[in-house]
Every structure is written in C-alpha cells, then in structure tokens.
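Please read the structure below before turning to the comments.
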Amino acid sequence: MKKDQVIALDGPSGSGKSTVAKMIAAKLGLIYIDTGAMFRAAAYALQHTGIDFTKEKLEPAENQLIEKFFHDHRFQFAPEPGVLILLDNLNLTDVIREHHVSRLASQVSRHKVVRDFLKFWQRDIVKDRPAILDGRDIGTVIFPNAVLKVFLTASAEERAHRRTEELKVRGQTDIDFETILKDIKERDYVDMNREIAPLKKAEDGIELDSTGKSIPQIVDEIVGLWEERKGLL
C-alpha cells in the first residue's frame, strides 16, 4: 500500500513538537499543520456553549449542540506563511495560546464529536500534499499510513521549564514553574487515559527523547529519517 506523504509527529505537551515541526517544514518544503492550535481554537469557541467538558461522557443533546455549532460557524486554518486560525473571520491565532485555553483543549479533546470534526478538518487541509502534522494521535488515528511516524517526548520537568519560558516570552507573568509542572502531569494523565484516541506511540513509530537536546539536533534526526523513508512513497 502506498504511504501518505506525511510526517506524523506525536508526543506529550511541551515536548517541542511545534517548534521542531515548523523547522522541518521550512527545511523540506512541507505544509505544516499545527493540530494543537486547531484543538485550542475549537476549545476556545466551545467554552461559550456552557457545556461541562470535564465530564467523561456528554449527553446526546450536548453532542448535537456541538455538531450544530461546528455546522453553523466557519473555522479557517491557513498553514502558510504562518499559522493563522479564524472563527467567522475573527482571528484566534494569539488568544488560543493563553494557558487556560490549553487546559480547556485537553478537556474538550477527549470527546469523540470534537475529535471527529478535527479529523475531517485536518485531512481536508492536507489532501494529497506533502505535510508534517504535530499532535497526539496523528500517526495512530489521523494518518495511520504516514510514511514517517515519530513520537517526541521529554521529561515532565523539561517540558514544564520550556512552557514557563514560552509564556514569559508571550508576556504572561502570572505563572510559575510548579503550577505548569502540575498542569503538564495532569494533562499527560488525561491524554494517555482518555477512551478516544489516547496519547501513545504508534506501533511502527520511532521514539525520540528531546531531553537535553537542542532543537536543531532533533530536526536533523527527523530530516534524516525522512530522507530514508522517501523511497516508500
């Protein structure tokens, strides 16, 4: 079976997926799809529905409300030249990076009705074009036939440090390392134990630990793997 022209880059929150994926896309001329941003955009929009997304399962009426919301509102994702996300022409690109939206995205993403919408959206954007996507179930659910699947990880402490520094750069000063570390550990648990599309390495995926490594080192490793796998396309 012919492989999809896709690099599936999965891993837990803060492992460096987005930064690595952007650099690889630029280096190889691939389309970059930030699926985490798409989940955060959905979470940001859905928070106004009044639905309690911390529940394990939603009521049928709540699922129908979400389906109607997605039908009635227009989400747009522009992967180039930079990631741009719009909801009914409202630019969400910056606001979805706030810490509380990231936490909400983890709760929203456990529900099938949301994941089904995002899966369709992601596949529709890529179509048959060479692309790199980063997320938590790209290699296991979205593109199980991707030519290259990488599971990028790092220690919880390393990821918390990166996230803290990222938020400081964005001007968010009301955060601290211990709070971020706690949130990351909680999100890891939720992501790995959810019933729908849990976070895990694909059986044919390659695990890379980014702890103590520079971003260029990780990029070079994955580019090397891509060059090896291109013959399967």
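Read the figures in this text as sums done on the coordinates, not as results from a lab. Just so it is clear, the structure is predicted and the values come from calculations on it, not from any experiment. Note that each Cβ is placed from the backbone with ideal geometry, even for glycine, and that neighbours are counted across all protein chains shown.
Here are a few things to note about the model shown:
- Enumeration of residues in the range 182-199 that are closer than 15 Å to Val108 by Cα and either in a helix (DSSP H, G or I) or among the charged types (D, E, K, R) (or both): Glu186, Arg187, Asp188, Tyr189, Val190, Asp191, Met192, Asn193, Arg194, Glu195
- Pairs, first crowded, with 19+ Cβ neighbours inside 10 Å in the range 185-210, second of a type in the set (S, T, N, Q) and assigned to a helix (DSSP H, G or I), C-beta under 6 Å, six or more apart: Arg187/Ser106; Ala202/Thr140
- Flag if Ile66 is touching a Lys or Arg at 6+ places or on another chain (Cβ under 9 Å), crowded, with 20+ Cβ neighbours inside 10 Å, under 25 Å from Pro198 (Cα atoms) and touching a residue at least 40 places away in the same chain (Cβ under 8 Å): no
- When we screen Leu28, Leu86 for residues that are under 29 Å from Ala202 (Cα atoms), of a type in the set (A, V, I, L, M) and surrounded by 12 or more Cβ atoms within 10 Å (Cβ to Cβ), the only hit is Leu28.
- Filtered residue count, the range 212-233, keeping only those that are surrounded by 13 or more Cβ atoms within 10 Å (Cβ to Cβ), in contact (Cβ under 8 Å) with a residue 12 or more places away in the chain and either outside any helix (DSSP H, G or I) or out of contact with any Lys or Arg (no Cβ under 9 Å at 6 or more places or on another chain) (or both): 6
- Filtering the range 164-181 to residues that are surrounded by 13 or more Cβ atoms within 10 Å (Cβ to Cβ) and in a helix (DSSP H, G or I) leaves Thr164, Glu166, Leu167, Phe177, Thr179, Ile180, Leu181.
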